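Here's the structure we're looking at; comments come further down.
Derivation of every value follows stated rules applied to the coordinates shown; laboratory data play no part. Just so it is clear, the model here is predicted, and its values are computed rather than measured. Methodologically, a virtual Cβ is constructed for each residue, glycine included, from the backbone with ideal geometry; neighbour enumeration extends over all protein chains shown.
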């Protein structure tokens, strides 16, 4: 976000740019503001912000609306798909579910068991990609932006977006397992029977 | 000043669904030869009355400036949700 003195970071909620100074964005660029600002700096131009150019950001004000806020998830793995955007609805539970899935563990609870797995983010049908060594110079340094792709897009063996399963909100609705249902039913029966006993006693006292 | 909505620049943009970067590139193609300035405004953002003027004024002061961004103001109110959002931002 743009803050006082942070002239090198760009708030892309609202910005003005000189297109003639810049170049096209790579397909699927997620943070276009950061990309354009980085590109301008690399090309030798300046990036700034105007503290007087205020823009209102419309954000949720109720707790219920916080659900659905975006959270970034970056998968770092030699098997992670390159330049891939997953459309699978994930949550923090998905990470727990993946650990359980990968190490063949029993689920912690039904909510974790029903959380979508982030499996479409990986491509296991190939050799693992070599690690990228970040350096102060060369293609994998801060001087090079964006970082070059390891596999050219035309050689990717998978689609660049997709979803393993599409069951929105499935995991947000907690399902009751048999043990929980049994406890609830037993509690209801106990409450009803207790009240029934109380009424019987009360009516017996009145008759006396 | 003329404001172009991305969808009205090219009717195919709305149906192509190639994302925001693709739409920006299409507008870049139109504006790069002209040297004109492009204002990018997100759909969930609302500028203060003089905000666009201030952005343009800052940009016009320096020929080496390629990008000028705005100052976000978040209206969240006073609630638990607001506290969570402030923490997130």
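For peptide A:26-32, the mean count of partner chain Cβ atoms within 10 Å of a residue's Cβ comes to 4. This ranking places A:159, B:36 by how few other beta-carbon atoms lie within 10 Å of each, fewest first, which gives A:159, B:36.
Suppose R0 equals 51 Å. What FRET efficiency, 1/(1 + (r/R0)^6) with r the Cβ-Cβ distance, do residue A:201 and residue A:160 give to the nearest 0.05? Computed FRET efficiency for residue A:201 and residue A:160 comes out at 0.10. Averaged over the residues of peptide B:50-60, the number of Cβ atoms from other protein chains lying within 10 Å of each residue's Cβ is 5.
Taking other Cβ atoms within 10 Å as a rough exposure proxy, A:92, A:155 sort from fewest to most as A:155, A:92.
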